[in-house]
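Structure, as structure tokens:
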2 protein chains.
Amino acid sequence: MFSFSVTDCDGAARCGTLETPHGSLDTPVFMPVGTAGSIKGVTPDHVRATGASIILANTYHLQLRPTAEVVRDLGGLHTFMGWDGPILTDSGGYQVFSLAGINNITDDGVEFQSHIDGARMRLDPKTAMVVQNNLGADIIMAFDECPPLPCTPEVMRTAVDRTIRWAGACKTHHGRSDQALFGIVQGGLDVAERRRCAEALIEIDFPGYAIGGLSVGESHEEMVSALGPTARVLPTDKPRYLMGVGMPRDLLAAVQVGVDMFDCVLPTRNGRNAQAFTATGPIRMRNEKHKLDRGPIEPGCDCYACQTFSRGYIRHLFNAGEMLGPSLTSIHNLRFFQRFMARIRELIRKGQLATITDEFPIAAMATPRPDQEEHA
Amino acid sequence: MFSFSVTDCDGAARCGTLETPHGSLDTPVFMPVGTAGSIKGVTPDHVRATGASIILANTYHLQLRPTAEVVRDLGGLHTFMGWDGPILTDSGGYQVFSLAGINNITDDGVEFQSHIDGARMRLDPKTAMVVQNNLGADIIMAFDECPPLPCTPEVMRTAVDRTIRWAGACKTHHGRSDQALFGIVQGGLDVAERRRCAEALIEIDFPGYAIGGLSVGESHEEMVSALGPTARVLPTDKPRYLMGVGMPRDLLAAVQVGVDMFDCVLPTRNGRNAQAFTATGPIRMRNEKHKLDRGPIEPGCDCYACQTFSRGYIRHLFNAGEMLGPSLTSIHNLRFFQRFMARIRELIRKGQLATITDEFPIAAMATPRPDQEEHA
């Protein structure tokens, strides 16, 4: 039901095939994020048309609303979302530590308050498994502790200890053989802690390993410095998933050290804010200069938005507050990320990955993080 | 380039075929409204999939933003909106009198202030034609005066006088032979004034006639009492278009007195507010009772939303504030109106139009106007 095989390599970068109960997919792969069970503003047929082969949904958000039990009773996540391809759910760990109000962290789990209505809730290895079993994704994640960066060595050590212990408990409590459970490597920027965590998880033995706790505010260089040594420790015959990343430059750097899977809200979040990705860098669709531009968002792009509408029209949609502006720019951005990853796969197969920045100069750019640009 | 022929009749109700430069369509027809150049929240491929054969865009809104000149420079309305089928634009008359701040009405035209930014603007027969020629729709409308109901007989008489005079001026100033210019019959609930207006417009001679100034707050019975005598005066070989209507019961009543064309924002406006149309009456998608409902919005509906998603999911989308809730409910509603009109056409051809309320009980219901229900 679940298998992974590496098909081509270019240095540490590799192409692979991942088999899941809802179909197979090629790696390296970018997963669009459907936080609350919907890729924001884009119908699943359009998501599919961007080339997405697997999508992600957030356990934390779905457990808060409508709850995993409701999703289960409505047929499970695939039926619920109208997506018959592979789905991955995260464990809720990251959101508990970044969005919720923490009441108490113990070695057993986390008590927190919903960021929506303040309701008191609890996540621990067992509940994270019950919830994700109810949601029914093809790939699910162990419950981890994701400490904020920077933090003291003691805090990090404790978080890694818990992450290891919780990973074992998750494996014990995981109740569905049709779902692949991945462990998550924590350890912040401390390479020794990362290695300790990875080795302990490998000892427990998972069908795939995620690298969490990066892209949380550190620099690109810091991220890469922690990522490379971590990826090298992980088994070559299992998929490696870098959570919550990211910008094209980050994706490329991660692929180059052997990461296979990615997810990020950038295509849709930036799309809603009128920022479109192109191979030569991001552009602002609200800009006056697009007013009379009859060309597409990105010349040569084969997405629905670029094949159908002009920059001038999309600028008008944002100016007029029309929902279609965010939707079309999100569609373009989703397709942009898929085109970027597809080209990465092609170049790995040819042993020419290093040339990707010729076609996608954005992958060499220290492009501004969206929040910085949005608030500039 | 433009022609109309009646193919079947059932009493005063009739089926017809309308030929336009962007394709032919069957009447009676319902036109979804793309106010600012977009059917709100629905991509054109999904609009097309609902069965829409012609759509409407609002001259007033497009002239305010981005202006008709910009639409022209971006390739005209069809290219701008990504809609290669027939398009109709209204004249802006109704919006000027209902949305804008009126500064001055004279026999020459109207000076008003934009409801968006207060900019001073002017519409008169000549500018209404220049603007609509720039927009480039297949069917365009004469500039009319649409007085509020109720109003004094003097106000109505003056409005009808101006509407007639302006219609003649519009015909003079209309500069594109590939656009069909329709006259608009005003006269409120005064049947004699309606008849006087219609006869004067017929004298001027248009390829089609609209009935304006109804569905502006009067009762269903009042509307029908003004509509029937007006429709009977209009030439049988020209299309008749009832502007801004409306609820299924209103559509049926109008079809039964020989009206061929309709437009209304109801499918999308109500859809955004979580109200779904069904044959047995409207339903509220936010209702708690849909929480665990695995069925579609409307059993038997062939729309994308009903074929793909459950009521429970769509309720969740509205609860979670996801854009897809309004989009999917709008798609369903647009399809509902197209299914209703398609069935009306079938039953006219069979001479069985009176049986439509067996299949669509909603067409016999004094369904609440959306604003009443929304604010209830």
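Where a number appears in this text, it was derived from the coordinates with a stated rule and is not lab data. Quick caveat, the model's predicted, so the values are computed rather than measured. Ideal geometry is used to build each Cβ from the backbone, glycine not excepted, and the neighbour counts take in all protein chains shown.
Given the rule -39500 (n - 2.57) for each run of at least 4 DSSP H residues, summed and divided by the residues of the protein assembly as shown, what is its mean residue ellipticity at 222 nm, to the nearest 500 deg cm²/dmol?
Details: 32 runs with 310 residues, N = 752.
Value at 222 nm, helices only: -12000 deg cm²/dmol.
Positive-end ranking of B:310, B:184, B:137 along the dipole of chain B, with charges on Cβ about the Cα centre, is headed by B:310.
Please arrange B:182, B:97 by counting, for each residue, the other beta carbons lying within 10 Å of its beta carbon, fewest first. Could the numbers behind the result be given before it?
On the way: B:182 26, B:97 21.
Going from least to most buried by this count: B:97, B:182.
For the range A:1-156, the C-alpha radius of gyration sits at 1.13 times the compact-globule guess of 2.2 N^0.38 Å, with N the residue count. Starting from the label point of residue A:178 at 7 Å along Cα→Cβ, the same points in the other copies fall at 5.5 nm, in ascending order. Maximal additional length on extending the residue B:195-residue B:103 stretch stands at 30.1 nm, based on 0.36 nm per residue less the C-alpha distance. P(r) for the protein assembly as shown, from all Cα pairs and a bin width of 10 Å, is 3, 14, 21, 21, 16, 12, 9, 4, 1, 0 %, short bins first.
Within a straight-line Cα-Cα reach of under 30 Å, residue A:291 can be paired with the following lysines, leaving aside sequence neighbours fewer than 8 residues apart in one chain: A:40, B:40, B:126. Taking other C-beta atoms within 10 Å as the exposure proxy, A:309, A:318 rank A:318, A:309 from fewest upward.
According to the Cα-based calculation, Rg over Rh for the range A:126-185 is 1.05, with Rh computed by the Kirkwood formula. Summing +1 for each Lys or Arg and -1 for each Asp or Glu among the other residues whose beta-carbon sits under 13 angstrom from that of residue B:319 gives +3. Multiplying each eigenvalue of the alpha-carbon gyration tensor of the range B:208-266 by 5 and taking the square root yields semi-axes of 17, 12, 10 Å, largest first, rounded to whole angstroms.
Bridging of residue A:350 to aspartates and glutamates at a Cα separation below 18 Å is possible for A:8, A:10, A:26, A:260, A:358, A:359, once same-chain residues fewer than 8 apart are set aside. Taking 0.36 nm per residue of separation and subtracting the Cα-Cα distance, full extension of the segment from residue B:84 to residue B:24 would add 20.4 nm. Comment: the Cα-to-Cβ extended label point of residue A:287, at 7 Å, lies 5.0 nm from its counterparts in the other copies, nearest first.
For the protein assembly as shown, give the magnitude of the charge dipole about the Cα centre (Cβ charges: +1 Lys/Arg, -1 Asp/Glu; no others), in debye to the nearest 20. Computed charge dipole of the protein assembly as shown: roughly 160 debye. In the range B:240-311, a dipole from Cβ-located charges (positive for Lys and Arg, negative for Asp and Glu) runs towards its positive end, and of B:275, B:255, B:301 it is B:275 whose Cα lies farthest in that direction. By the Cα gyration tensor, chain B has an equivalent ellipsoid whose semi-axes, rounded to whole angstrom, run 32, 24, 20 from largest to smallest.
Put simply, the C-alpha atoms of the range A:271-370 give a gyration tensor, and the ellipsoid matching it has half-axes of 27, 13, 11 Å, longest first. Here residue B:84 yields copy-to-copy label distances, from shortest upward, of 2.8 nm, the label point defined as 7 Å from Cα along Cα to C-beta. For chain A, the share of DSSP beta bridges that are antiparallel, to the nearest 5, is 50%.
Report the gain in length on full extension from residue B:5 to residue B:120: 0.36 nm times residue separation, minus Cα-Cα distance, nm rounded to one decimal.
Details: separation 115, 0.36 × 115 = 41.40 nm, distance 4.23 nm.
Difference between extended and current length: 37.2 nm.
Using only side-chain charges placed at the Cβ, +1 for Lys and Arg and -1 for Asp and Glu, the dipole size of the range A:3-234 relative to its Cα centre rounds to 280 debye.
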